[in-house]
1. Of the heavy-atom accessible surface of segment 134-200 (probe 1.4 angstrom), what whole percent is carbon and sulfur?
2. Report, by chain and number, residues whose modeled amide H sits under 5 Å from the one on VAL409, excluding near sequence neighbours (fewer than 5 apart, same chain).
3. For segment 300-309, in order, what is each residue's ³J(HN,Hα) by Karplus, 6.51 cos²θ - 1.76 cosθ + 1.60 with θ = phi - 60°, in whole Hz (x at glycine and Pro)?
4. May I ask which residue of CYS322, LEU445, SER98 lies farthest towards the positive end of the charge dipole of the chain, with charges of +1 (Lys, Arg) and -1 (Asp, Glu) on Cβ and the Cα centre as origin?
5. Quantify, in whole percent, the carbon and sulfur part of the accessible surface of segment 211-347 (1.4 Å probe; protein heavy atoms only).
6. For PHE305, which sequence-distant residues (separation of 5 or more, or a different chain) have an amide H within less than 5 Å of its own amide H, given hydrogens modelled in the peptide plane?
7. Pop out the carbon and sulfur fraction of the accessible area of segment 18-131 as a percent, whole number, probe 1.4 Å.
8. Run the 1.4 Å probe and let me know the accessible area of LEU319, rounded to the nearest 10 Å².
Amino acid sequence: MALESFQLPITDFQIGNETRRNSVLICVPIMAESVDQMLVQMQKAKDFGGDLVELRVDFLKNFVPRQDLAILIKQAPLPTLVTYRPRWEGGQYDGDESKRREALRLAMELGADYIDIELKVAHDFFNSLPGERPEKVKIIVSSHNYERTPSVEELSDLVARIQATGADIVKIATTAVDIIDNARIFQVLVHSQVPVIGLVMGERGLMSRILAAKFGGFLTFGSREAGLASAPGQPTVKELLDLYNMRLIGPDTKVYGIIGNPITHSKSPHLYNASFKSSSFNGIYLPLLVDDVSTFITTYSAPDFAGYSYTIPHKEAGLKCCDEVDPVAKAIGAISCMIKRSTEGKLIGYNIDYLGGIAAIEEELRVSNGATLASGSPLAGKTFVVIGAGGAGKALAYGAYKKGARIVVANRTYDKAKELASKVRGQALTLAELNDFCPVEGMILVNTTPVGMEPRIEETPVSKEALKHYSLVFDSVYTPKLTRLLREAKQSGATIVFGTEMFINQAFIQFEMFTGLPAPKQLIRDVLARTT
């Protein structure tokens, strides 16, 4: 099931003193054990930029509905959504159902802007309302699926069932087993004729929370701080506003992202979203936790899904999904960037890893050797040892080979090392052999594996003793910036090159490929310095 082309009205919305490109509200869940704590949290929610607060009264200890709701609703600095979630729907309340419904009716009387009632008991709740309800309050009828995301047909039926209860607003929260599950919720949002809150929980569902602003969701949730989420995969208000520029997302916003697994470590969203904003480019860049590249590309085939960066372990799989492949990427056998050509929608694959990495290594060699640009590549004639035979390993081996270096490939699987080495007229080793490898002194070592990356920061691909044979060591890992490999290489007397340098060079090139605009180079450097 592919995400079809869509067209929503494009306009700017005036909310308070702020002009934004969408009408999606950011709702901040307030979860505390006392009314006083909730009052403090509500003020923080306003200060952080939230539009409304969800009062999760099921978290209150010794909850006295009439007294506590009167204080919370009257003193709230933002519009209020009152939720009294039972345990059977993922909440904290485990008491008498009639008392719970009574508290929600009381919240309506006291002036709540919204209340949330679960689909399972919605008919009973509406039947219990005495006559006409207050005009101000809107009733959200919600359904939560903590196991999966149903089909589009099932979701459409669910929307109809929720509407039939008399709901003012439909809320559906599902769980992402795969990132393609988000597309089903997007289909529901785009085609619904009523206000819908449609969100997918879990890390693979993050894009649903951000792209609600593109596809017309009524609201999305943002926690006050990391670790205080009311549902799995919920970003913070700060991330929604400052990292993902949520106010600037509209129906015509182009979607970009980094495809990988794992992906939470990536700093790419920080760089590209800040750069898009500074250049007034109408795009959003997301971390995309993808299990199967082909399925992802097929599912998100709409024209506005316009380009991707590729990282471990999907660089080779990405190449197979391209309609056309740049000759360099074809020679390497992996891509690091994919662009959707706007004219006919063809996917074009490129590999810019070798440009970013080789340039960073050459620059440091010139500095340490005192060579000039006119003297040719300082890699010429050097023994260049690459750890890893995946996409990045192929790219750097190929790039160094083109510069005249002698290539050695060390990999956990010897056959893969041999396959890559044969393409660059090099030598293959196993990782075990690398520790005793020393045909010459002053070699260059390049790690292209994730060994040493957060959270396993104390790991290293090669022993400290072996590092004394290298004059320069480069690590493509950039979280943390100073890996154990680089720390020990420096202690052994080698010049070190951070993975951030390769990352920055790639970012310059890729930004221009995505946007057609000059890269804001200093901004990119500043953002990366702040986030690593």
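1. Working: 1290 of 2680 Å².
The nonpolar share, carbon plus sulfur, comes to 48 percent.
2. Those lying under 5 Å, H to H, from VAL409 are VAL386, GLN427, ALA428, LEU429.
3. For segment 300-309, the Karplus curve yields 9, 9, 4, x, 6, 7, 9, x, 9, 9 Hz.
4. The Cα lying farthest towards the positive end belongs to LEU445.
5. Details: 2460 of 4680 Å².
Here carbon and sulfur together make up 53 percent of the probe-accessible area.
6. VAL255
7. Numbers: 2250 of 5020 Å².
So the carbon and sulfur contribution to the accessible surface is 45 percent.
8. Using a 1.4 Å probe on the heavy atoms, I get roughly 40 Å².
The values are calculated or read from the model by the stated rules, or taken from the named source; none is laboratory data. The structure presented is a predicted model; accordingly, all values stated were derived computationally and were not measured. Quick reminder, even Gly has a Cβ in these numbers, built from the backbone with ideal geometry, and neighbours come from all protein chains shown. When the accessible area is computed, the model is the full protein with side chains, heavy atoms only, and any ligands, DNA or RNA have been set aside. Shrake-Rupley method; radii C 1.70, N 1.55, O 1.52, S 1.80 Å.
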